[in-house]
Amino acid sequence: MIDAEGLTYTYPGAEDPAVRSIDFKVERGEIFGFLGPNGAGKSTAQKVLIGLLREYTGRVRIFERDLRSWGNSYYERIGVTFEVPNHYLKLTALENLRYFRTLYAGETEAPGRLLEQVGLDEDGDRRVGEFSRGMRGRLNFARALLNRPELLFLDEPTAGLDPVGSLRIRDLILERREAGATVFLTTHDMAVADELCDRVAFIVDGDIRLVDAPQRMKLQYGERMLRVEYGSDAGLQQAEFPLDGLADHAGFQDILRSAYIQTMHSQETTLEDVFVQVTGRALT
């Protein structure tokens, strides 16, 4: 779906590239995440891929066609959300969607149905200027689905949403993937990337440091250990044991036989821990 080789972009007047000769591929029907801190180059890469930044070097092919050769028909096939929603604030939510719907030549979704999907069906006749940040974010996502896109570009799609709104949007992203869409997701939220993405790319200072599936990353960089808390509430003790050979470990068996176990957890690493190990950087 997306094939980038040597993609580089330098903003006018800047000395250093914001994106430095990166290579990556996005397969049809997968959710692919660009994961990194603010300023890492995530949004710059997305802006190149959606055609907003044209003075790049390297090769980019989307829908098996060179990105530079696409005209307006490209936007009939993609949907885009930006981290900061941009709507007509004096128009209602329905009026916004009805207007943007007219910009497409092909079939579109019914605005009312999209508002229902994002939980704004009771707010369709309210001016968007009265919306909270989270409501504008959900409307932004609904607008990206208007043209039934084959390829979705989502920049921090859950930013500013409450837990219920965030869950709704994450579920909709998974539904779009199940319906055959491909999703390119940029985020610095490790939990979102871990839950949604089939593969992620770690990007720092414009460089891609690692591309793999989140689960494989965690298995490769995590510790295969089990932590046991045992004893009474007045005096808890902890012990760790390797998962390999655990059934035959004498110390573990002794605790099982003679101690009151409070908790027992395998010590899986998190995607954020892997990011720090690989890049030496935190996500803030």
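The values are calculated or read from the model by the stated rules, or taken from the named source; none is laboratory data. What you are looking at is a predicted structure, and each value in this text was computed from that prediction instead of being measured. Heads up, the Cβs are rebuilt from the backbone with ideal geometry, glycines too, and the neighbour counts pull from every protein chain shown. For accessibility, only protein heavy atoms count, side chains too; no ligands or nucleic acids. Shrake-Rupley method; radii C 1.70, N 1.55, O 1.52, S 1.80 Å.
Structure notes:
- Integer Hz, Karplus 6.51/-1.76/1.60 couplings in order for region 270-277, x for Gly and Pro: 9, 4, 5, 4, 5, 4, 5, 4
- Average accessible surface area per residue within region 135-284, 1.4 Å rolling probe, Å²: 49 Å²
- Solvent exposure of region 30-123 as accessible area per residue, Å², 1.4 Å probe: 50 Å²
- If the chain linking Leu91 and Leu174 were pulled fully straight, counting 0.36 nm for each residue of separation and taking away their Cα-Cα distance, it would gain 26.9 nm.
- Length released on extending from Ala110 to Asp273, taking residue separation times 0.36 nm less the Cα-Cα span: 54.4 nm
- Cα-based convex hull volume of region 159-271 per residue, rounded to whole Å³: 185 Å³
- A Förster radius of 51 Å, combined with the Cβ-Cβ distance separating Gln220 from Glu122, puts the computed FRET efficiency at roughly 0.65.
- Rounded to 5, the percent of DSSP beta bridges in the chain classed as antiparallel: 65 percent
- A crude spin-label estimate for the pair Ser73 and Thr263, with each label 7 Å from Cα along the Cβ direction, gives 5.8 nm.
- Computed over region 1-123, the ratio Rg/Rh where both radii use C-alpha atoms and Rh is Kirkwood: 1.01
- Taking every lysine pair in the chain that is 8 or more places apart or spans two chains, those with Cα atoms closer than 24 Å amount to 4.
- Inter-probe distance in nm under a simple model that places probes 7 Å from Cα toward Cβ, at Arg98 and Arg148: 2.2 nm
- Estimated vicinal HN-Hα couplings, Hz - region 175-188 in sequence order (Karplus 6.51, -1.76, 1.60; Gly, Pro = x): 5, 5, 5, 5, 7, x, 6, 9, 10, 10, 10, 10, 6, 10
- Using θ = phi - 60° in the Karplus curve 6.51 cos²θ - 1.76 cosθ + 1.60, the 3J(HN,Hα) couplings for region 106-116 round to x, 5, 10, 7, 6, x, x, 5, 5, 4, 5 Hz; x is entered for Gly and Pro.
- Alpha-carbon Rg with Dmax, taken over the chain, Å: 22.9, 72
- Inter-label distance, Ala191 to Ala239: 3.4 nm, where each label sits 7 Å from its Cα along the C-beta direction.
- For the chain, a simple Cβ point-charge model (Lys and Arg +1, Asp and Glu -1, everything else neutral) yields a dipole of about 1020 debye relative to the Cα centre.
- Whether region 215-279 is rounded, prolate or oblate, judged on the alpha carbon gyration tensor where a/c under 1.5 counts as rounded: oblate
- Shape call, region 131-176: gyration tensor on alpha carbons, a/c limit 1.5: prolate
- Within the assembled protein chains, the solvent-accessible surface assigned to Tyr75 is about 80 Å², based on a 1.4 Å probe.
- Against the chain, whose longest principal axis comes from its Cα atoms, helix 133-144 is set at around 60 degrees.
- Close amide H pairs (under 5 Å, H built 1.01 Å from N) link Leu152 with Gly79, Thr182, Val183, Phe184, residues at least 5 positions away or on another chain.
- Accessible-area composition of the chain, carbon plus sulfur, in percent [1.4 Å probe]: 46 percent
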